[in-house]
1. Listing SER2, SER65 from the residue with the fewest other Cβ atoms within 10 Å to the one with the most, what is the order?
2. Suppose every Lys and Arg Cβ carries +1 and every Asp and Glu Cβ carries -1, with no other charges. What dipole size does region 2-110 come out with about its Cα centre, to the nearest 20 debye?
3. Using the Cβ atoms and a cut-off under 9 Å, what net charge is assigned to the surroundings of ALA77, where Lys and Arg are +1 and Asp and Glu are -1?
4. Which order do ILE93, ILE106, ILE41, ILE8 fall in if you start with the one that has the fewest other Cβ atoms within 10 Å?
Amino acid sequence: MSEYLLLIAEAEDGYENGGQEVFDKVMAGHTAFSEKWADKIRGGHALQPTATATTVRGYGSDEFSVTDGPFAETKEAVGGYYVVEAADLDEAIAMAKDVPAYFGAIEVRPVMVFE
């Protein structure tokens, strides 16, 4: 078994414009995902909106800049993630298809293992 990160990247304004009905539908989708794949989920969280982000950029030699906002200006932003255990990439993709992402996509990435 391998671990995969399912990154949920969506347009934040979809939820702002969709209202409570859309939010409730998405939350029900996450509940259904969590119930279906409970034995495979190793962790996960929703993230606060990008307006709350702070970016720390290193320049080497102990030099850093700290700025308000996300790393990049994009239409879609990472809004949450799941860490899952899957037999292979195909199973991880099957799981990703069950994650509600009405306003974006799910990026599936294997977790690097250091030995």
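Readers should treat all values here as calculations from the given coordinates under stated rules, not as data from a laboratory. The structure displayed is predicted, hence computed values, not measured ones. A quick note on method: Cβ atoms are made from the backbone with ideal geometry, for glycine too, and the neighbour counts reach across all protein chains shown.
1. Lowest count first: SER65, SER2.
2. 100 debye
3. Result for the neighbourhood of ALA77: -2.
4. Result, fewest neighbours first: ILE93, ILE41, ILE106, ILE8.
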